[in-house]
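Heads up: the structure comes next, in structure tokens.
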Amino acid sequence: MKQIEDTADRRQKSWCIHCGGWIEQVITNRDHAPSKVLLDEPFPANMPLMKVCRPCNSSFAEDEEYVAGFLGAVLSGSADPDAQVVERSARIFRGNPGLRSRIEKAKQVDRNLFGEETISWGPEHARFERVLVKNARGHAFYEISEPMLKKPSKVWFGPLAGLDEKQTAVFENAAWPNGLWPEVGSRMMTRFLTGEDLDEGWVIVQEGVYRYTVMQTGGMLVRIVMREYLAAEIVWED
Ligand SMILES: [Zn+2]
């Protein structure tokens, strides 16, 4: 990815986008959105980076590892490290047997009428929500320079393949409503003009691994797709 300069109002950079803490008065860390654990190595160059307070930065690590591991297990049909199609998940399960067994327990195997195995997985919703909201806040801030400090009004996630044709069309449509455009100077506006890392309005962080789109709709709407499997929508109503 290319580093895009952000010329929007710099006063907005003074708060931790997760807890609202005043950045000049707290110890800060640099934080990536998307979280690196959700991507494959080598990481893209110039990943979106922002300052957040240190307690917030470290508070997400466990949930992020859980989400990365869970997605790996779903895509592999197993939490066995040797069966992982995503290398990062193999490392997670090898290094964290507790998490491995926790995710294994979320797997349910049924047999259908014809004796064929069907597998379903029960995600821990609260952990997914924390990771999705964290990343959505990062995307909104990085692209539009808006700190979304309030609790979102809606967090939805599910398998992309679970959407029917009409729902998929709505979800994939990243055109801003009513002919609105991002604020001049924001990264999203720069992307609109240059097409940088942009495909039909989606920012492609890593092909097939992570993409997102941010739309200002009166409120704020962020959509995320992980590994072309998980679809998520996070909304702040005005
Ligand atoms: Zn914070």
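The values are calculated or read from the model by the stated rules, or taken from the named source; none is laboratory data. Owing to the predicted nature of the structure, the values given are computational and were not obtained by experimental measurement. Cβ sites come from the backbone with ideal geometry, for glycine too, and all protein chains shown count toward neighbours. Side chains included, ligands, DNA and RNA excluded: accessible areas come from the protein's heavy atoms. Shrake-Rupley method; radii C 1.70, N 1.55, O 1.52, S 1.80 Å.
Here are a few things to note about the model shown:
- Residue, least open to solvent (accessible area, probe 1.4 Å), within the range 145-179, restricted to residues that are among the hydroxyl-bearing types (Ser, Thr, Tyr) and in contact (Cβ under 8 Å) with a residue 40 or more places away in the chain: Ser145
- Residues satisfying the stated conditions in the range 23-36, i.e. in contact (Cβ under 8 Å) with a residue 12 or more places away in the chain and either out of contact with any Ser or Thr (no Cβ under 9 Å at 6 or more places or on another chain) or part of a loop (DSSP other than H, G, I, E, B) (or both): Val26, Ile27, Thr28, Arg30, Asp31, His32, Ala33, Pro34, Ser35
- Within the range 27-36, considering residues that are crowded, with 16+ Cβ neighbours inside 10 Å and either under 19 Å from His125 (Cβ atoms) or among the β-branched types (Val, Ile, Thr) (or both), the one nearest to the ligand (Cβ to nearest atom): Thr28
- Candidates Asp197, Asp164, Asp238 - the one that is in contact with a strand residue (DSSP E or B) (Cβ under 6 Å, 6 or more places away or on another chain) and not basic (Lys, Arg): Asp197
- Residue in the range 110-127 that is within 18 Å of the chain's Cα centre (by Cα) and among the small types (Gly, Ala, Ser) present: yes
- Scanning the range 180-189 for residues that are surrounded by fewer than 18 Cβ atoms within 10 Å (Cβ to Cβ) and within 21 Å of Glu233 (Cα to Cα) yields Leu180, Trp181.
- If you check Val235, Val209 for being within 25 Å of His125 (Cα to Cα) and either without any contact (Cβ under 8 Å) to a residue 24 or more places away in the chain or within 12 Å of the chain's Cα centre (by Cα) (or both), only one passes: Val209.
- Screening the range 123-145 for residues that are among the small types (Gly, Ala, Ser) and in contact with a strand residue (DSSP E or B) (Cβ under 7 Å, 6 or more places away or on another chain) and picking the one that is nearest to Gly201 (Cα to Cα) gives Ala140.
- For the range 193-222, the set of residues classified as closer than 24 Å to Gly72 by Cβ and open to solvent by 20 Å² or more (accessible area, probe 1.4 Å) consists of Ile204, Gln206, Glu207, Gly208, Arg211, listed by residue number.
- From the list Trp202, Trp181, the one residue that fits, being of a type in the set (A, V, I, L, M, F, W, C) and either more than 24 Å from Lys36 (Cβ to Cβ) or touching a helix residue (DSSP H, G or I) at 6+ places or on another chain (Cβ under 7 Å) (or both), is Trp181.
- Cross-chain or 6+ apart pairs with Cβ under 9 Å, the range 105-117 first and modelled with pLDDT of 90 or more, then of a type in the set (A, V, I, L, M) and assigned to a strand (DSSP E or B): Lys107/Ile119; Gln108/Ile119; Val109/Ile119; Asp110/Ile119
- Of the helices (runs of 4 or more DSSP H) entirely within the range 37-95, those holding at least 1 residues that are open to solvent by 60 Å² or more (accessible area, probe 1.4 Å) and away from the ligand (no atom under 16 Å from the Cβ) occupy 61-76, 87-95.
- Within the range 129-141, tally of residues that are over 10 Å from Pro34 (Cβ atoms) and of a type outside the set (A, V, I, L, M): 4
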